[in-house]
Amino acid sequence: MSIALPPSLHGFFDHCNNRDWASVTRCFTDDAHVYDEKQNIDGHEAIEKWISHAVGSTDAIHEMINATPVSADAPAAASLATMTAGKISVTARVSGNFKGSPVTLGYLFTLQNGKISGLEIE
């Protein structure tokens, strides 16, 4: 399924699937915050270390299922790709070498100036 997302979100998933950790990191603001598995990850260096371990060590592949804006004044889903600020919820099927694979995960992205400033993985 092809879902139109802002370039930084689209890049996040594509670069993860292609194991390009430096490019994943460039999708984030310099002071970005990630919350995953009860861990707080802050800044580019920590995010690159986290994503290379979380995805790389499990050979995880992400397949986007759905994406929706989170606020009442957000654009319709058809124009998600043009968002540069606000929150977008993405559901993805993640498969790899880990117990319980595949799983469906929720990603709550916060955008600021077209980049990811926050990410919570549920």
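The values are calculated or read from the model by the stated rules, or taken from the named source; none is laboratory data. This is a predicted model, so every value here is computed, not measured. Here the Cβ positions follow ideal geometry from the backbone for every residue, glycine too, while neighbour counts run over all protein chains shown. Just so you know, the surface numbers come from the protein's heavy atoms only, side chains and all, with ligands and any DNA or RNA stripped out. Shrake-Rupley method; radii C 1.70, N 1.55, O 1.52, S 1.80 Å.
Under 5 Å from the amide H of Gly118 lie the amide H atoms of His33, Thr110, each residue being 5 or more positions distant or on a separate chain, with H modelled from the backbone and absent for Pro and chain starts. Modelled this way, with points 7 Å down the Cα-to-C-beta line, the labels at Arg93 and Asp31 are 4.0 nm from one another. The phi torsions of region 20-34, fed into the Karplus equation with coefficients 6.51, -1.76 and 1.60 and a -60° offset, translate into couplings of 9, 5, 4, 6, 4, 4, 5, 6, 9, 5, 4, 9, 4, 10, 10 Hz, rounded to whole numbers, with Gly and Pro shown as x. Against the main long axis of the alpha-carbon atoms of the chain, helix 7-17 sits at an angle near 20°.
In the context of the full set of protein chains, the chain has a per residue accessible area of 54 Å² (1.4 Å probe). When +1 charges are put on Lys and Arg Cβ atoms and -1 charges on Asp and Glu Cβ atoms, the dipole computed for region 21-71 relative to its Cα centre reaches about 60 debye. What the phi angles of region 81-92 give under the Karplus curve with 6.51, -1.76 and 1.60, with θ = phi - 60°, is a coupling list of 4, 8, 5, 10, 8, x, 10, 10, 9, 10, 9, 9 Hz, glycine and proline written as x. Between the listed residues Ala22, Leu111, Thr91, the Cα displaced farthest toward the positive end of the dipole of the chain, a dipole computed from Cβ unit charges relative to the Cα centre, is found at Thr91. When the helices of the chain are scored as -39500 (n - 2.57) per DSSP H run of n ≥ 4 and the total is divided over every residue, the value at 222 nm lands at -7500 deg cm²/dmol. Taking a ≥ b ≥ c as the square roots of the eigenvalues of the alpha carbon gyration tensor, the chain is oblate, as a/c is not under 1.5 and a/b does not beat b/c.
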